[in-house]
Amino acid sequence: MKIKITQWVYTLGLIILGFGGPVQTALAHGEKALEPFIRMRTIQWYDVAWSKQQFKVNEEVAVSGRFHVAEDWPVSVPKPEAAFLNVSTPGPVLIRTERWLNGKPWVNSVALQPGGDYEFKIVLKGRLPGRYHIHPFFNLKDAGQVMGPGAWLDISGNAGDFSNGVKTLNGEIVDMESVGLLNGIGWHLFWGALATGWLLWWVRRPLFISRYRMLQAGMEEVLITPTDRLIAKAVLVAVPVIVLAVNAVAVNRYPNAIPLQASLDRILPLPALVNAGQVDAEAIKAEYSVAKRAMVFTVRIDNRSDKPVRIGEFNTANVGFINPELPAVSSQAPATAAVLKLDDDTPVRPGETRTVTVTAQDASWEAEKLDGLINDADSRVGGLLFLYASEGGERYISSVSAAVIPKF
Amino acid sequence: MATTSEPMPAVTHIGKRLPWYLQDLPRYLKTFGALTVLYTSLRLYQGAFAVSAGLDSTEPAFEQYWMRLFYIELAVIAVVMTGLWAYLWFTRDRQLDKLSPKEEIRRYFTLTMWISIYTFAVYWAGSYFAEQDNSWHQVAIRDTPFTANHIIEFYFNFPLYVILGGCAWLYARTRLPLYAKGISLPLTLAVFGPFMILVSVGFNEWGHTFWFREEFFAAPIHWGFVIGVWFALGVGGILLQGVTRLIDLLDQIEDAD
Amino acid sequence: MSLPVTTQSIKPYTGEKARLVRAYDYLILVLALFLFIGSFHLHFALTVGDWDFWVDWKDRQWWPLVTPLMGITFPAAVQAVLWDKFRLPLGATLCVTALLIGTWITRIFAYHYWNFFPVNMVLPATMLPGALVLDAMLMLSNSLTITAIAGGSAFALLFYPSNWPIFALFHQPVEYANAQLTLADLFGFQYIRTGMPEYLRIIERGTLRTYGQYAAPLAAFCSALLCTLMYALWWYIGKWFATTRYLSKI
């Protein structure tokens, strides 16, 4: 009890003082905000990797990876007619210098196709030193922010060294950190000075009680003097003249100014990488044991390839469940520790169709707030199932989904 | 800032430095100062702990640094509301019919100070921390109604200005004859309308939970706040009520150098 | 705006009474300053908001339409009281100045110092030239009709040319990612905002097939018409809120 009171007093002290001791920077960024069925069955991320995680101000770092747009897109989530690949950062501590989708550079938003496969790359440049936990994520129009896997980035160096020069089509190089700032401040000061002058002209004389009383007494001519009228006429003429004149100067100075660009990019999906046809996996049934925090799938595998395959991983909402018998595989780095158990882990032979029971048991269901699925109106689980050829290492990916039956 | 109606025992005491009608000026200025320190401290607290502990509501640090602040705020709000409103009510003037013109003038000045304190709180809630919310939504992914800015804006700033507006309303109702005889419509509008902004928080959170995921600030789900703040224009009517009464009262007192 | 015309000479206050009414003026001015920063800014941020926050929202169609339309509201309401009852022609300038004070403080301390956005990315627009004209127009005409039509129109029409000197340079084209962008668009792409994806911008939504791409003047004239109506509407809203009634119960 004593400790608790001390903690409260400490917090109150911090509030009053406005500062406090060191805090471990948060690992998470609200990625559990959306309902599980949205996180599991919209954007399915995999193979996300960073080029490096320690770098200096002004150095660039790339995050690349793939995602599958789930076929079993939830009915209550608007279709991804407009989507924006973003990065969760605590403010622009990095700037985004490039972004690629399926090998094409893009800066606007894009329409995604359910069932489509995409590869992305985002290039970021360090702006403010610090240690930050960063995720790529998708803003889906009217649906929310679907997060990809996060990573820690360490940016060293000096914030003052950051520069961001951009060359305009006229050949001029401008510094994005300061372009137009002094000009903008200058114009605000100019108009602010005129407005202040006008206000002071009036408030220097007796105001409310005096003027109300005189106005009621019909002494209007005393309240507005000929000088006031002259100044008002000057304002009425001079202000529009100044506005139009300085506007004309600006128009002449920037003859090539163009409107803001507002197109929607159209980038087609890649040839199928997920559900590509050679090895099919279909979830027939899913049961979630609340007590054991375990999702048990019944999966039918149809191997039409010419090599035996084994299930290596089930990945949903950035939680990977790995078959420990195939320790080298993971669609994410660093690999998550959750374990995937199979009732029959012998390779599925070419031409064989087999139904297996797959158990993904881990506290992550609860920690990542995925178990809330059983309380959702759309209680279907979805994710990517990774199968590997026993020889050669080919990977086959299936996007699976099934209604969930809770076991209390 | 509240005093009862005994014919100004304090006036002569302060009178050497301040005229009788500005008797409450020092308290007014101190309250301004205290509120400035309070709001600035909250902003500094955000600067210190919002990014480090306020990005995810499921983290233990969030509970420690933000939810605990939220609970402290609720306690402070409850104490301040009860204390101020009870004080103003229980120290009400029960002999308003015997009020001297000078004392009534002084009370109009004090009422103006109360409303000024109220509008100062409206500034922090309606201007600074309100637009700052947009800035914070560019950093944090909204995963709770209790974000690092909402905890201060919605659950402290809003109730605080409601309390201060209520104080102005109660002060007028308990200490000024015209406001005691009838209920001032503009003062009631100016206090109760912005109070509805606090109620609009519920509509806002409902909207963001069920059908509006985007951080578009000018969105219709925010217009409940907008309509609430229009009622602040009732201050124009309060001014007119004050001015007309003060003119009458000034006619009743002697000229002095 | 009718007033009892009973021209009678009254003496101005002198001595203590003069000091008293002057002290009251100052109290009201402080009260009004924070009132209008707080209330007008909240109204403005939640109706114009994003168009004013971000440089990549300031387009030719919506920005010059929405900003004056929502910006003329409080000025009209405050003028209705300050001019009609006090012959003080400063309602519009006071409101817009208050708005800009609140806006600038927030842009610097909330966007820049807290969350590291460059200030030039969040430069506010100005409505001060229009506000000065609106005040002068009301004073010289002493007419709601003329101020609504001429003043309201001027408030809308002056908005874009007042701001072009501030924002034209952000419309310089750059070649980026195999496309043409403005510097303003590039701010939106480079300086990361988690809650403001590109598709959320309500900008440049018209087709403009027949008007030779003169989008901004058309938007401004449309805004001028609407501002005329909005001015008159808000004049009466201002008057209604400035009631001096006392009720027997609420």
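The values are calculated or read from the model by the stated rules, or taken from the named source; none is laboratory data. If you're wondering where the values come from, they're calculated on a predicted model, not measured in any experiment. All Cβ positions, glycine included, derive from the backbone under ideal geometry; neighbour counts span all protein chains shown. The protein model used for the area step is the full one, side chains on, heavy atoms only, and it has no ligands, DNA or RNA in it. Shrake-Rupley method; radii C 1.70, N 1.55, O 1.52, S 1.80 Å.
Below is a table of values for the structure above.
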quantity: Qualifying residue in the range C:74-96 (condition: more than 30 Å from A:P206 (Cα to Cα), in contact (Cβ under 8 Å) with a residue 12 or more places away in the chain and open to solvent by 10 Å² or more (accessible area, probe 1.4 Å)); calculated: no
quantity: Some residue of the range C:85-98 being hydrophobic (A, V, I, L, M, F, W, C), within 27 Å of C:A219 (Cβ to Cβ) and within 12 Å of chain B (Cβ to nearest Cβ); calculated: yes
quantity: Hits in the range A:81-103 (condition: more than 15 Å from the chain's Cα centre (by Cα), under 24 Å from A:V274 (Cβ atoms) and modelled with pLDDT of 95 or more); calculated: A:W100, A:L101, A:N102, A:G103
quantity: From the options B:G202, B:G236, residue that is open to solvent by 10 Å² or more (accessible area, probe 1.4 Å) and either among the hydroxyl-bearing types (S, T, Y) or free of Cβ contacts under 8 Å to residues at least 12 places away in the same chain (or both); calculated: B:G202
quantity: Residue within the range A:361-377 that is assigned to a strand (DSSP E or B) and hydrophobic (A, V, I, L, M, F, W, C) present; calculated: no
quantity: Checking B:G54 against (1) touching a residue at least 60 places away in the same chain (Cβ under 8 Å); (2) open to solvent by 20 Å² or more (accessible area, probe 1.4 Å); (3) not acidic (D, E), the condition it does not meet; calculated: (2)
quantity: Residues located in the range C:23-82, provided they are facing another protein chain (nearest Cβ under 7 Å) and not in a helix (DSSP H, G or I); calculated: C:L46, C:T47, C:V48, C:G49, C:D59, C:R60
quantity: Out of A:D306, A:D280, sole residue that is over 26 Å from B:T58 (Cβ atoms), in a loop (DSSP other than H, G, I, E, B) and open to solvent by 20 Å² or more (accessible area, probe 1.4 Å); calculated: A:D306
quantity: Residue identified as on the phi < 0 side of the Ramachandran plot, hydrophobic (A, V, I, L, M, F, W, C) and surrounded by 19 or more Cβ atoms within 10 Å (Cβ to Cβ) among B:W85, B:W124, B:W89; calculated: B:W124
quantity: Of all residues making up the range B:237-257, the number that are closer than 16 Å to C:F241 by Cα and in contact with a Lys or Arg (Cβ under 7 Å, 6 or more places away or on another chain); calculated: 1
quantity: Tally, over the range A:290-303, of residues that are open to solvent by 50 Å² or more (accessible area, probe 1.4 Å) and not aliphatic (A, V, I, L, M); calculated: 3
quantity: Out of A:G115, A:G91, sole residue that is in a loop (DSSP other than H, G, I, E, B) and open to solvent by less than 10 Å² (accessible area, probe 1.4 Å); calculated: A:G91
quantity: Within the range C:215-225, tally of residues that are under 21 Å from C:T147 (Cα atoms) and buried (at least 18 other Cβ atoms within 10 Å of the Cβ); calculated: 4
quantity: Helices (runs of 4 or more DSSP H) completely within the range A:174-235 that count 2 or more residues being at pLDDT 95 or above and at the interface with chain C (Cβ under 9 Å from one of its Cβ atoms); calculated: A:181-203, A:208-216
quantity: Residues satisfying the stated conditions in the range C:201-250, i.e. under 15 Å from C:A76 (Cα atoms) and within 14 Å of chain B (Cβ to nearest Cβ); calculated: C:M230, C:L233, C:W234, C:W235, C:Y236, C:I237, C:G238, C:K239, C:W240, C:F241, C:A242
quantity: Residue that is nearest to B:T112 (Cα to Cα) [pool: residues in the range B:205-229 that are surrounded by 21 or more Cβ atoms within 10 Å (Cβ to Cβ) and aromatic (F, W, Y)]; calculated: B:F225
quantity: Output for the range A:130-149, where each listed residue is more than 12 Å from chain C (Cβ to nearest Cβ) and assigned to a loop (DSSP other than H, G, I, E, B); calculated: A:G148, A:P149
